[in-house]
Every structure is written in structure tokens, then in C-alpha cells.
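Remarks on the structure that follows.
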Amino acid sequence: MGIESDQVVYEYLSRVGDVAQQRQLSSATRMRLVSDLRNEIDRSRARATVDSPAAVRRIIARLGSPDDVVTAAAEGGGPAVPEPPRPAVPVQREGGTEPAPGPRRTTKPRRTEPATADGTEDATPRPDRPRGFRRVVPRPRP
């Protein structure tokens, strides 16, 4: 990606941030707006065949002026950048929930007494492991 193209993006995002601050949007909203715009510009630049300042200006023109983008974000409360379409999820086969044949291991519930020598409770309680998962590291022996 060229330095001139990066400069065009930086100037656009700076103007968006300035307009958002003038309209008194919260800092979290401004940060989310600029971040979403940067991500959208980066995705569009990755799809483009040529990375030139002119190509970046066309991408920015599609997004709209900083005033329009900030107004849309302030009114809608959400990101002004349209979300890209989500990828299609393959259809799940029926009956795929059956466990594989073989011996089934069961786990014992975790102990509830203090885990440290000084009598205080362990700072990170560990949830019980679901059934069917193979244990990779053996537990310490008592």
C-alpha cells in the first residue's frame, strides 16, 4: 500500500474524527466510527486491483463525506458503514450429534475445598470439563 494512499485515508479519518468531536459524539462512538471506517476502507483496498490515491478517493467517495458519515452515525446510533454480507453457513447434516462409538469417560466434579496451602481459595475457579473431550495433560497426583 502506497504512502500517498495511506495519507489520503489518514486525512479522511481525521476529518471524520474532527466533525464527530464538533458534534459532541462520545469518545467511544467516535472511536468505533473511525475504526469501522478504517476497516471498511482496508477491506475495499484489499479487493481493489490498483492501490493508488485515486482508487482510495473513489472508495472514500462511496462512503460519503465526513459530515454525512457522522450524521448517519449520530442519528442511527450504529456504525455508518454498511456491514458486509455474512458468509453463507453450510447446512448441518441431521443426526450429527451422535458421539463416536467407544468407551465413554466421565469426569469427577472439581473439588470445592481451598486449593492453596495457606487456606485461601484458588483465584481462578476452573469449570467442569464437558464429557467426551480427551484430556491432554493429566491432573497432578495427590
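The values are calculated or read from the model by the stated rules, or taken from the named source; none is laboratory data. What you are looking at is a predicted structure, and each value in this text was computed from that prediction instead of being measured. We place every Cβ from the backbone using ideal geometry, glycine too, and count neighbours over all the protein chains shown. Just the protein is used for accessible areas: all its heavy atoms, side chains included, with ligands, DNA and RNA removed. Shrake-Rupley method; radii C 1.70, N 1.55, O 1.52, S 1.80 Å.
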- Spin-label point model (7 Å from Cα, Cβ direction): what's the THR49 to THR71 distance in nm? 3.5
- Selected from GLY17, ALA46, ALA74, residue furthest toward positive end of dipole (the range 1-81; charges at beta carbon): ALA46
- Message: Along the Cα→Cβ direction, 7 angstrom out, place labels at GLN24 and GLN7. What is the inter-label distance in nm?
- Response: 3.7
- What part of the accessible area of the range 1-48, given as a whole %, is carbon or sulfur when the probe is 1.4 angstrom? 47
- Message: Calculate the FRET efficiency for ARG38 and ARG62 from the Cβ-Cβ distance with a Förster distance of 22 Å, rounded to the nearest 0.05.
- Response: 0.90
- Note on the structure: Out of GLY2, SER27, ILE59 - ranked by how far each Cα lies towards the positive end of the dipole of the range 1-75, with unit charges on the beta-carbon of charged residues - the top one is ILE59
